[in-house]
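We did not get these values from a lab; they are worked out from the coordinates using the rules stated. These numbers come from a predicted model, not from an experiment. No Cβ is skipped: glycine too gets one built from the backbone with ideal geometry, and neighbour counts run over all protein chains shown.
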Amino acid sequence: MSEFLVEAARSSPAIAASLSKLRQRAEAAIRDAAIADTVLDARDSAPGATGQRGSDSATVIPRDHAPSAAHELSSAREAKSWSADLLRDVAAPDVFASNPLGELELLALRSAQALRTQGSRLRQVTILVAGLAAAIVGAGLYAAVQGEYGLSGGLVAGGLVVLALVIGRWNPFRRAARSSELAELADATATTLRLRMRALAELGDSKTRTLEQWKVVIEMTESVRRRRA
């Protein structure tokens, strides 16, 4: 489930920075809840107390802090993969939203739509350019039949160069395949998040529900943090 977020963070500096800030908010929320529970436990265990209060929130305090936004941006810029720009135009999640899991779900849905659109356009452009290159080569062969060997050589060479640049340097088929793969990951992530939110909605206490949401954010962004640590 977090594999998609790792790829999204690598592909977009803005998404990487937003995920980092979301994790920082989650860490702060969990830490504050643990401190509050500790204070309540100390108060309840004082002489004259009638009961004792406990919570499992204190056991979930993150041990490590997320990297700074500047480090996220620097690491994302250093990614030099041919597929590193597939999500560069997708809007990053709102780090100040009251529903962080909803923001992550929207990120996954936006990404899936953008990736499928991009893959479709990429295939169309590839077919168009390949057809143009083939037409140039065909014109060169026709010129050769007519005895225009100089023109023929130039046209054939030009068409082959275009094909080599498109297929060898641009990697359209690999990029289209990667777009499709990431779209599937994004859909799976959105579905998982939707199910997690549905389960959390059944919790009666709003504070507990909010805290559990932040725990899921920590879980979801752990792989992103490790990748950029």
Two pseudo-spin positions, 7 Å from Cα along C-beta at Ala157 and at Ala177, lie apart in nanometres by 3.3 nm
Of every Cα-Cα pair in region 80-229, the percentage lying beyond 21 Å is 61 percent
HN-Hα couplings for region 148-153 via Karplus (6.51, -1.76, 1.60; θ = phi - 60°), in whole Hz with x for Gly/Pro, come out as 8, 6, x, 5, 4, x
Rounded to the nearest 0.05, FRET efficiency between Phe96 and Ile127 (Cβ-Cβ, R0 45 Å) equals 0.55
Heads up, region 150-201 by the C-alpha gyration tensor (a ≥ b ≥ c square roots of eigenvalues; a/c under 1.5 rounded, else a/b over b/c prolate, else oblate) looks prolate
Taking alpha-carbon centroids only, region 11-33 lies from region 190-218 a number of Å equal to 16 Å
